[in-house]
Structures are given as structure tokens and as C-alpha cells.
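So the structure is just underneath, and the comments pick up after that.
The values are calculated or read from the model by the stated rules, or taken from the named source; none is laboratory data. None of the values given here were measured: they were computed from a predicted structure. As a convention, Cβ positions derive from the backbone with ideal geometry for all residues, glycine included, and neighbour counts pool all protein chains shown.
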Amino acid sequence: MVTVYSKNNCMQCKMVKKWLGEHDVAFDEINIDEQPEYIQTVIDMGFRAAPVVTKGEISFSGFRPGELAKLV
């Protein structure tokens, strides 16, 4: 399962979610503005900016279509 750590008013977050939806990739969204207890989780993964996308051993930050394509 793909997990997207997102924030409110984040254009790249919206683009990631739109891309996943257009490619029929199911994902769980964790909004760190609404669930701040996950902020430390994102930091512990080595990221400082949203969105963070994870699936198994794959994790990356930002809207990166080449990386997103690997999740399909």
C-alpha cells in the first residue's frame, strides 16, 4: 500500500494525489497538519518537506512522476 504524507495547501501534495488517482493507485493519506503526531515519523524517515510518498522500501519526497510510475 502506498502512503502519502501531505499538508494542507500543498500544491505538490495535490499533484501527487491526482497522479495516483489518474493511474488507479490506491493510497492512504496522512495529513500532517491534521495529524501532527506523524511529523516525527516523516522527520525520522529523513524528510523535511511534504509530500512524502512511501511503499515498502521505496520512499521519496515531492512530485516525481518517474518515481510515482514505479509504484504502479
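I need the full set of residues from the stretch 31-47 which are surrounded by fewer than 16 Cβ atoms within 10 Å (Cβ to Cβ), at negative phi and not in a helix (DSSP H, G or I), in order please.
Within the stretch 31-47, D33, E34, Q35, M45 qualify.
Answer yes or no as to whether K17 is buried (at least 17 other Cβ atoms within 10 Å of the Cβ), of a type in the set (K, R) and free of Cβ contacts under 8 Å to residues at least 40 places away in the same chain.
yes
Listed here are the residues, each with its yes/no results for (1) touching a strand residue (DSSP E or B) at 6+ places or on another chain (Cβ under 9 Å); (2) hydrophobic (A, V, I, L, M, F, W, C); (3) on the phi > 0 side of the Ramachandran plot; (4) part of a helix (DSSP H, G or I).
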{"position": "Y5", "(1), (2), (3), (4)": "yes, no, no, no"}
{"position": "N8", "(1), (2), (3), (4)": "yes, no, no, no"}
{"position": "L20", "(1), (2), (3), (4)": "yes, yes, no, yes"}
{"position": "D28", "(1), (2), (3), (4)": "yes, no, no, no"}
{"position": "A49", "(1), (2), (3), (4)": "yes, yes, no, no"}
{"position": "V53", "(1), (2), (3), (4)": "yes, yes, no, no"}
{"position": "F60", "(1), (2), (3), (4)": "yes, yes, no, no"}
{"position": "E67", "(1), (2), (3), (4)": "yes, no, no, yes"}
{"position": "V72", "(1), (2), (3), (4)": "no, yes, no, no"}
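Among A50, A26, which is the only one that is small (G, A, S), touching a helix residue (DSSP H, G or I) at 6+ places or on another chain (Cβ under 9 Å), crowded, with 17+ Cβ neighbours inside 10 Å and at pLDDT 95 or above?
None of the others qualify; the one that does is A50.
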